[in-house]
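Peer 1: Structure below; questions to follow.
The values are calculated or read from the model by the stated rules, or taken from the named source; none is laboratory data. None of these values were measured; they are calculated from a predicted model. So basically every Cβ, Gly included, is an ideal-geometry build from the backbone, and we count neighbours across all protein chains shown. For accessibility, only protein heavy atoms count, side chains too; no ligands or nucleic acids. Shrake-Rupley method; radii C 1.70, N 1.55, O 1.52, S 1.80 Å.
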Amino acid sequence: MTENPSGAPRLTPRTRTRALLPWTLLAAGAVLGGLLGGAYGTFKPPTYTASSYVIAVPTEKSDPASALGFAQAYGRVATQLAVLGDAQALAGVSVSTLRKSVRTATSPDAPMVAVSATSPRRDRAAAMANAVARSLTLHANDTKNSTHVELLEFSRAVKPAQPSSASAKVTGLVGASAGGLLGGLVLLVRPRRRTEDPAPAASVPGPAVAADAHGQL
């Protein structure tokens, strides 16, 4: 008979299967998430982003601090209806498309406004960014006599060479991470099997006290 001197429980095929099941779920979730993420990045049409820059310049009756403050204000009004309404003819798209596709950004240190537009077409992205930047410049300069700040074109948008959307490799890695995380959450919330109660230990009969006493008499 084979003995187990260490007293450790033996791993049966059923025990090995239970031990490998959590790792299998994690691996399956990561692989499935990676495949779905890679497919999304492969078949989703790429998008392109183009940016145009305008700069606020103080006149003789103003100072750089005022130009910086007006640049912040112009960045907020660049996506308003008045500016986009005049830009739609130059961009060749509707106001609703401009509102969804155009974003602005300003710097706390420089009196500059960045106008960025995103589109599946490279030429349209550049056209929308330039149209909104030009419209903003015209609106700002209509009031330069009262604001004492002039808005000038700093850099025109050009057709982007590379898409700004994530590649299939990046979306695949993100999907794999999300799939592995989801598999781990499933393992945490799954119902656990109740531990079986250990079998009671066999009782060892005590010494026959009565028989020993009888023998001594």
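Peer 1: Which of the residues spanning the stretch 117-133 are buried (at least 20 other Cβ atoms within 10 Å of the Cβ) and basic (Lys, Arg)?
Peer 2: Scanning the stretch 117-133 gives a single hit, 124.
Peer 1: When the stretch 94-107 is examined, which residues are found to be assigned to a helix (DSSP H, G or I) and open to solvent by 40 Å² or more (accessible area, probe 1.4 Å)?
Peer 2: The answer is 96, 97, 99, 100.
Peer 1: Working carefully through the options 89, 114, 110, 67, find the one that is among the small types (Gly, Ala, Ser), modelled with pLDDT under 95, within 22 Å of residue 156 (Cβ to Cβ) and buried (at least 17 other Cβ atoms within 10 Å of the Cβ).
Peer 2: Values: 89 fails: buried (at least 17 other Cβ atoms within 10 Å of the Cβ); 114 fails: modelled with pLDDT under 95; 110 fails: buried (at least 17 other Cβ atoms within 10 Å of the Cβ).
Unique residue meeting the criteria: 67.
Peer 1: Name every residue in the stretch 49-76 that is assigned to a helix (DSSP H, G or I), in contact (Cβ under 8 Å) with a residue 40 or more places away in the chain and closer than 29 Å to residue 161 by Cα, in order of residue number. Working first, answer last.
Peer 2: First, the residues of the stretch 49-76 that are assigned to a helix (DSSP H, G or I): 64-76.
Now drop any that are not in contact (Cβ under 8 Å) with a residue 40 or more places away in the chain, which leaves 64, 66-68, 70-71, 74.
Passing the criteria: 71, 74.
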